[in-house]
Structures are given as C-alpha cells and as structure tokens.
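A.B. asks: Got a structure for you, written out below as structure tokens; questions coming shortly.
The values are calculated or read from the model by the stated rules, or taken from the named source; none is laboratory data. Note that the structure is a prediction, hence the values are computed from the model and not measured. For neighbour counting, all protein chains shown are included, and Cβ atoms are generated from backbone atoms with ideal geometry for every residue, glycine included. All accessible areas refer to the heavy atoms of the entire protein, side chains included, with ligands and DNA or RNA removed. Shrake-Rupley method; radii C 1.70, N 1.55, O 1.52, S 1.80 Å.
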Amino acid sequence: MIDDTIAAISTPLGEGAIGIVRLSGPRAVEIASKLFVSAKKRDWINGGSHRLIYGHVVDPETKEMVDEVLLGLMRAPHTYTREDVVEFNGHGGIVPLRRILELALRYGARLAEPGEFTRRAFLNGRLDLAQAESIIDVIRAKTDAGLRLAMSNLRGELSTRVGQFQDQLLGLVARVEATIDFPEEDLEEVTREDLITITGGVLSGVEGLIEQAAGGRLYREGIRAAIIGRPNVGKSSLLNALLREKRAIVTEIPGTTRDVIEEVVNIRGIPVRLMDTAGLRATSDVVEKMGVERSRDALRLADLVLLVLDASTGLTDQDREIIELAGDRKGIILINKSDIGDGRALEREVRPAAGDKPVKIISVETGEGLPDLERTIEELVLGGRVEAADTFLVSNVRHKEALEKCREFLREAREGLLQGRNLDLVAIDLRAAWEALGLITGSTVSEDIVERIFRDFCIGK
Ligand SMILES: Nc1nc2c(ncn2[C@@H]2O[C@H](COP(=O)(O)OP(=O)(O)OP(=O)(O)O)[C@@H](O)[C@H]2O)c(=O)[nH]1
Ligand SMILES: [Mg+2]
C-alpha cells in the first residue's frame, strides 16, 4: 500500500499561459486545503469530485497570496493514479509554481520522482507496463502516425494480444502438467498433436509481432537520411521541398552549403531526420573542405542515402565516384532538374552503376516526381511492406526482446513435443515462454526493470 503523497510541477519550466502543480496520494486533498482558499469560501472539500474550483493559494504562515489558481479536485479511484489527485492550475511562471510546490512539500507532500505518477497508475493496476511505456511515446511522438501507434498501445492493443497468448500458454501448461500428474494415462497421440498445433499457433502469432517490430520502431524513432551529391545539383533545394520550408540557402553558386543542415521531416508518417550536406568535390577552400568531411560523416551515419544527380549536366566522373562512395548502402538515386535536362537519357546512363538502388527522375523546381519519391522512401524503409502505422503493435526494443525470448522457448517446447521429449521439460519451456510475455505487460517483471523504465519519464508525469 502506498501511503505517502507526492507532488511535482507537471508542466515544462518556463513561461507559459498556465502551469500545473500536481499532488497525488491519500493526503492530497488535506494538504491542498491548507494552501487553497476558495474565492467564494465554499466548502469544496466535502463537495463532489472532478470539479474545478476558483480561488487563491495563500501561504498559511505569512498570509501572502501566492497565485490565483483553479484547483482541480479528482478523488480516487477515477484518476490518473487511482489515488486522490489535486491539480493547481496556476499562472505558468517558474516562481509561482515553485512557491506552490514548496508549500505542498512543507505541509506534508514528498517531491515526486520522475514518472512516479504513472508508476503509481501502474502499481495500482490502472495501466500495465506496456501501456505506461506508451505514454512516453505519446508525449514524444513526432508524426501523426507515430501518435496513432502510441495511442493504440495506450489503449492496450498490444497488451490484449500478449494477454491472449499468455492465456493460451497457461492452458497448455495446465494440460501438459495434468498428463505429468497421471503418467499411467500416457499422452495419447491426438493430445500430442493438439499440443503441437496450439504451440505452433502461439509461435506464429509471436513471430508475426516480431516481424512487424522494425516497422513500429520506424514510426516511433524515425530514420536518418543523408542528401549527398556534387555541388549545385539541388540538394538544399530538395531539403527545402521535402520540409516545405526555405530552410537551407539555395544559390546557383556551387559550394553554397558548407555545413550539415539537419531537419526532421514527416514523410508519410515516418519521422525522417534529413541531413543536407556540402557538395562533394575536391577543393582547396579550407571551410568547404571541412564541410566535405562532414558530408562523409553524415553519409556514414545515415540509414538511407538520397544521392542527387543533375540532368542538365549529365553524368560526370565526380558523380561516378559518389555513387561508388555510397556503395551498397540503402538509398535512392535522384535525377534532378529534369525540367531543363534529359532525365531519361541520364537514367539509362546511370542504371548500370546503380546496383539495386531505385533511380527516380525529379524536378525540385516543378515538383515533378516528389510525391513518388516520398512513397519510394516509405517503401524502402518499411522493406516494401507498406501498412498503416497502427498495424505495427511493437515499436519498443524491450518488447521485441521479450517476444524473441518467448519465441526461443516456444521453439524449444515444440521441438520437445515433436521428439517425444519428457513432458516435464516441455512444461518448463512453456512456462518460460509465458514468463517472457509477462515482461511486456509487467506481470512477471522485476522491480529494478520497473524502476529503470519509469526513470525515463519526466518529473511530474
Ligand atoms: N531548373 C532547375 N533548377 C534547380 C532544380 N533544383 C535546384 N535548382 C537550382 O540549382 C541551383 C543549386 O541548387 P542548390 O539546392 O543550392 O544545390 P546544392 O546541391 O545544395 O548545392 P551546394 O550546396 O553548392 O552543394 C539553384 O540555382 C537552384 O535553384 C530543378 O529541379 N530545376
Ligand atoms: Mg546546398
């Protein structure tokens, strides 16, 4: 039983229209009642729950009015933490919020640790671990698709699936153990077939989730893409076009970009960290030389390479060198400036050197080929399987590892059943598979893992 009351500033520190100090725990209302004076001197404490009451925070010792607030009163159990929660909605400035927090601490609250509110929601059974983790993903979502994915996990869709697998496994364990207990009724052929089928069913379900994990991670974390090419081919123009903003300087002078410019763009729901780089060429200019070095670093860091060529100048030796430099990295060759050059001719010329990189003809100037480029990026990073973001249930490495662990035990169990291995051993593997799944929802997770997960949260969440 949790018996202390925690408090924290739950909004970002800085100037804002409002700021919130949140309290949760058995003494939340009592502590708030010492600091808060309702404007109409109402008996708000004994009134209904889930209300906003207008009034002031007053220092009980000095009688100084600290801030004008709306007090949100939410009584257990229908609250974020399932405990009594009080929120002071004050003016969003560091000083008034700190003062309210200090008063709450003075009258009996303890400063909350990072993620402690959410942790209480977990400990009190309002959320399972996967749902609690998805709250960070909601906060950190970079695109609408990423948000949809996080929200589907918050609603518990992954947990439901995992829970179904766990139920099936428990059923299996029960059947296997029943057979162990009554060895004289040796396992019949039909029953063994049955067990193999069910184990195989859970195994393929788990494998399905693992397969999708890469896609889920993409929507959550995104990828890095480097735009490379020789000077003046239109790299910065491409960054601006994908960003829909004039971020990088564009001129007709080769060597305009001297440094790596990074921006996150939303490409069909996938957050892509685009790096516009200095044009690659041999140069004696010191600054440009350093820029070229950084371009090479960006290329090394990138998950995806966008290699830009210029249709109006044709393929040069420099272009060939750059194509070689990109090697067999995942990427797309873009033939730009098709509005003033023969894109098709250059395409024919470059194909033999392109390897398995798709070659696309575009014009940043007219916008030709850009929607198609975005689709190609999506297909390439999703490995050709383009699906809606919320069909990817697994986006978290920890969940993926738990599923992989489960898969190993299930394979072992199925092997055991197929080879007629001792059922005691099969039962051990099935139990271990069940436990691995519990790491996701938190039903079998150890205290220090829980600790580590919530440490990642912000204070006040
Ligand atoms: N006609 C035409 N001009 C383009 C196109 N894309 C870019 N340009 C022009 O090409 C010139 C160079 O564009 P940038 O985007 O600065 O080229 P860059 O590759 O970033 O060049 P560096 O930074 O010097 O390496 C500018 O004058 C652009 O307006 C295109 O599709 N068609
Ligand atoms: Mg540039």
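A.B. asks: Just from its helices, what would the mean residue ellipticity at 222 nm be for the chain, if runs of 4 or more DSSP H residues each count -39500 (n - 2.57) and the sum is divided by every residue, rounded to the nearest 500 deg cm²/dmol?
C.D. replies: That calculation yields -15500 deg cm²/dmol at 222 nm.
A.B. asks: Based solely on C-alpha atoms, express the radius of gyration and the Dmax of the chain in angstrom.
C.D. replies: Values for the chain (Cα only, Rg and Dmax): 29.5, 88 Å.
A.B. asks: Non-local amide H neighbours of ARG268 (under 5 Å, H modeled in plane, Pro and chain starts lacking H): which ones?
C.D. replies: Answer set, sorted by chain and number: none.
A.B. asks: Got the relative contact order for the chain handy, in percent, Cα pairs under 8 Å and 6 or more residues apart? Each step should come with its number before you reach the end.
C.D. replies: Details: 865 pairs, mean separation 77.4, N = 461.
For the chain, the relative contact order is 17 percent.
A.B. asks: P(r) of the range 222-386 in 10 Å steps, Cα pairs, percent per bin?
C.D. replies: Spelled out bin by bin, the range 222-386 gives 11, 44, 38, 7, 0 percent.
A.B. asks: Please report how many Lys pairs in the range 222-386 have alpha carbons closer than 15 angstrom, counting only residues at least 8 apart along the chain or sitting on separate chains. Numbers along the way, then the final one.
C.D. replies: On the way: LYS235/LYS246; LYS235/LYS337; LYS235/LYS360; LYS330/LYS357; LYS330/LYS360; LYS337/LYS360.
Summing the qualifying lysine pairs gives 6.
A.B. asks: Whole angstrom only: what separates the Cα centroid of the range 345-374 from the Cα centroid of the range 221-264?
C.D. replies: So the two Cα centres are separated by 17 Å.
A.B. asks: At 1.4 Å probe size, with the rest of the protein present, what percent of the exposed accessible area of the chain is carbon and sulfur atoms? Numbers along the way, then the final one.
C.D. replies: Working: 11130 of 22000 Å².
Of all accessible area on the chain, carbon and sulfur atoms account for 51 percent.
A.B. asks: I've got another one for you. What is the Cα radius of gyration of the range 6-112 over 2.2 N^0.38 Å, N being its residue count? Kindly include the intermediate steps, with their values, before the conclusion.
C.D. replies: Details: Rg = 12.5 Å, N = 107, 2.2 N^0.38 = 13.0 Å.
Here the Cα radius of gyration is 0.96 times the empirical estimate.
A.B. asks: Where the Cα atoms of the range 192-232 are projected onto their three principal axes, how long is each span, largest first, in whole Å?
C.D. replies: Reported extents, whole Å, longest axis first: 68, 19, 7.
A.B. asks: I'd like the projected area of the range 81-178, averaged over all directions, using the convex hull of its alpha carbons. Report it in nm² with one decimal.
C.D. replies: Values: hull surface 38.8 nm².
Mean orientational projected area (the range 81-178, Cα hull): 9.7 nm².
A.B. asks: Follow-up question, since we're still on this one. Can you tally the net charge around ARG273? Count Lys and Arg as +1, Asp and Glu as -1, for every other residue whose Cβ sits under 12 Å from the Cβ of ARG273. Before the final figure, lay out the partial values.
C.D. replies: Values: positive: LYS142, ARG224; negative: GLU221, GLU262, GLU263, ASP276, ASP303.
Combined, the nearby Lys, Arg, Asp and Glu give -3.
A.B. asks: Hey, another quick one. In the neighborhood of THR5, defined by Cβ-to-Cβ distances under 9 Å, what is the net charge if each Lys or Arg adds +1 and each Asp or Glu adds -1? Show your work: numbers first, answer last.
C.D. replies: Values: positive: ARG27, ARG110; negative: ASP3, ASP4, GLU30, GLU83, ASP84.
Net local charge, THR5 excluded: -3.
A.B. asks: Using modelled amide H (1.01 Å from N, peptide plane; none on Pro or chain starts), what sits under 5 Å from the amide H of ASN336, excluding residues fewer than 5 places away?
C.D. replies: LEU309, ASP310, ALA311, ILE362
A.B. asks: Could you give me the ³J(HN,Hα) list for the range 317-331, computed from phi with Karplus coefficients 6.51, -1.76, 1.60 and θ = phi - 60°, whole Hz, x at Gly and Pro?
C.D. replies: 4, 4, 4, 4, 4, 5, 4, 5, 4, 5, x, 9, 4, 5, x
A.B. asks: Roughly how many Å² is the accessible area per residue of the range 6-112, as a whole number, for a 1.4 Å probe? Numbers along the way, then the final one.
C.D. replies: On the way: 5230 Å² over 107 residues.
Per-residue value: 49 Å².
A.B. asks: Spelling out what I want: for every residue of the range 423-435, take phi, set θ = phi - 60°, compute 6.51 cos²θ - 1.76 cosθ + 1.60 (Karplus), and round to whole Hz; glycine and proline get x.
C.D. replies: Using θ = phi - 60°, the values come out as 5, 4, 5, 4, 4, 4, 5, 5, 5, 5, 5, 4, 5 Hz.
A.B. asks: Through the Karplus equation 6.51 cos²θ - 1.76 cosθ + 1.60, θ set to phi - 60°, convert the phi angles of the range 172-178 into ³J(HN,Hα) values in whole Hz; use x for Gly and Pro.
C.D. replies: Rounded to whole hertz, the list is 4, 4, 4, 5, 5, 5, 4.
A.B. asks: With charges set only on the Cβ (+1 for Lys and Arg, -1 for Asp and Glu), what does the dipole of the chain come to about its Cα centre, in debye to the nearest 20? Numbers along the way, then the final one.
C.D. replies: Numbers: 62 positive and 76 negative charges, 361 e Å.
Dipole size: approximately 1740 debye.
A.B. asks: For the range 325-461, with every protein chain kept in place, what is the accessible area per residue (1.4 Å probe, Å²)? Could the numbers behind the result be given before it?
C.D. replies: Numbers: 6640 Å² over 137 residues.
That works out to 48 Å² per residue.
A.B. asks: Sorted by packing (mean other beta-carbon atoms within 10 Å per residue), highest first, where do 327-335, 107-115 land?
C.D. replies: Details: 327-335: 19.8, 107-115: 18.2.
Sorting 327-335, 107-115 by mean packing, highest first, produces 327-335, 107-115.
A.B. asks: Using only alpha carbon pairs under 8 Å that are at least six residues apart, calculate the relative contact order of the range 6-112 and give it in whole percent.
C.D. replies: Numbers: 227 pairs, mean separation 39.8, N = 107.
Computed value for the range 6-112: 37 percent relative contact order.
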